[in-house]
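First up is the structure itself, then whatever we jot down about it.
The values are calculated or read from the model by the stated rules, or taken from the named source; none is laboratory data. The structure displayed is predicted, hence computed values, not measured ones. Cβ sites come from the backbone with ideal geometry, for glycine too, and all protein chains shown count toward neighbours. Only protein heavy atoms, including side chains, enter the accessible area calculation; ligands, DNA and RNA are left aside. Shrake-Rupley method; radii C 1.70, N 1.55, O 1.52, S 1.80 Å.
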Amino acid sequence: MTDLLSRPRGRPAEDRLNRRGSLEPREPGRPRRSLVLALVLACATLMTVDHVNDGAAVDPLRRVVGEVYGPAERAVDAVVGPVAAVPQWLRSRHDLTGEIQQLETENDQLRSRLATVDYDRNRLREYDDLTATAETIGYALVPARVVAMGPAQSFNRTVTIDAGSKAGVVPDQTVVSGDGLVGRVLRVTSSTATVLLVTDADSTVGGRVGRSMKVGFLHGRGDLGDGARLDLELVDQSYVPSQGETVVTWGSQDGAPYVAGVPIGTVESVYSSLRETTQRAVIDPAVDFSALDVVGVVVPSGTRSDRGVIEVDGSLR
Amino acid sequence: MSPLVTLPRALALFVAVSVALVLQASLFSHLAVRGVVPDLVLLVVVAAGLSYGSELGLVAGFGAGLLLDLAPPADHVVGRWALALMAVGYVAGRLGAPGRPRLTQWWPVAAACAFVGTSVFALSGLLLRDPYVGVGELLRVELVSMVWDVGLALVVVPLTTALFARVEPDRVLA
């Protein structure tokens, strides 16, 4: 017995042999029950306190601890952040190539979107202009878009528009754009129409010089673009139109093929030929024929159409 | 018998827990595997339990858990980590072999403690529905954190034990 008692304490295996009365020390490896109970109860209390009222009671505590550990975490992160970013620098050529391809694709998509933004804006403006034209010239218009342009090799200046008989378009109707006279409808299909531009060499339009009401005939030269010009032969050979005068359509019977009062262009210069005893005025057309898009076909008011018709008052029917 | 909590011990524990807490929140968040970071604080408590026995392990676990519950990124119900780490400290103290344990002795203990700690935390979350997650997700997260903890125990526990031994060479159970 004394042998057992005299063994050095502090070693759990021997303490267990020793236990026989209340005076014996508790095992050092086992915590006091009261302590365990107190701490578990503390945990439970904390959980309860935090669980009710959405943790309002614990928030000040969180705040205090956060004030201490928040800056520490920030400081460590400031050191660690750049180091943690290192793996992003170490990348294979394959990855980079893939990323470049991806970015290029995205770039192209964005660029095309940007390009069409301008296009859409222009078309919107053209529709606006067309609406204004309908009001200005006082005719109802069927809006249409130029979908094809005759090749220069054919020496015919014609375009195809996407409105045909179903839209209420018939041959020998006047075609205008927001700027002025475009041409006349040559023939139609159910969904398209062919338009002879006034710049075509075969095209003759009766014109009237706006200020003096002198009439004449305009002939196309067969060219497009900025250099496209029309020649005006006045019936009255003695009259000399002045530069910058506006030429509008003269108008035909029943408005076919040309309605009256549509602007064609302005007088650019006047040539007189003594030998031929005629005067020739060069007209700068109001319409840019190389950039035709939205045009309007002049139709009688109340025409049945497969699309909205711009009425005289500018409304869409 | 010497008092359980002495100033050097408390200081050493506080420093170790604080460093572990900050590293866990700031450093290992960059190394997170599927969002799961290793429980460094848990491993520090394991080291405390192994070094000082179950009673101080219990207290250290409570304190460290409370800090973990309150420190900034945390938003769960306060007391969950405190309860879990109490269990960790207790288990580490009970299972820890006396003397200067060999790797084969303390490593399984650390693994068991990691399991106990993460389990208690997860179960308390399930009971309190805080936050409410499915059991499948819970098991997945637990598995990843177990792997983290068991792996990092090889570094954290010896380092922390060495710190405790350096602070009080004569009082550590040896």
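Averaging 1/r over every pair of different alpha carbons in chain A and inverting the result gives a Kirkwood radius of 27.6 Å. Over all Cα atoms in region A:189-255, the spread is summed up by Rg and Dmax: 13.8, 47 Å. Taking Cα centre as origin and charging only the Cβ of basic (Lys, Arg, +1) and acidic (Asp, Glu, -1) residues, the dipole magnitude of region A:129-277 rounds to 200 debye. Kirkwood hydrodynamic radius of region A:136-192, from the reciprocal of the average inverse Cα-Cα distance over all distinct pairs: 12.0 Å. Each Lys and Arg contributes +1 and each Asp and Glu -1, all at the Cβ; summed about the Cα centre of chain A, the dipole is approximately 2160 debye. Legend: translational diffusion of region B:40-130 by Stokes-Einstein, Rh = Kirkwood radius over C-alpha pairs, 25 °C, 0.890 mPa s; D = 193 µm²/s.
Scaled against 2.2 N^0.38 Å for its residue count N, the alpha carbon radius of gyration of region A:219-317 is 1.33.
Counted without the sites themselves, the longest stretch of chain B free of trypsin sites (Lys or Arg not before Pro) in a DSSP loop having at most 14 other beta carbon atoms within 10 Å is B:35-101.
Ranked from largest, the principal axis spans of the Cα set of chain B equal 47, 30, 28 Å. Comparing the chain by itself with all protein chains present, which residues of region B:47-94 are at least 40 Å² less accessible (probe 1.4 Å)? Output list: B:55, B:58, B:62, B:70, B:72, B:77, B:78, B:83, B:86, B:94. Residues in the protein assembly as shown average 54 Å² of solvent-accessible surface per residue, probe 1.4 Å, ligands and nucleic acids excluded. Interface B-A: total buried accessible area of about 2800 Å², 1.4 Å probe, protein heavy atoms only.
When the P(r) is computed for region A:58-190, the part past 24 Å accounts for 64% of the Cα-Cα pairs. Over the protein assembly as shown, dividing the summed -39,500 (n - 2.57) contributions of all DSSP H runs of at least 4 residues by the number of residues returns a 222 nm mean residue ellipticity of -15500 deg cm²/dmol. For region A:140-297, the equivalent ellipsoid derived from the Cα gyration tensor has semi-axes of 28, 16, 13 Å, listed largest first.
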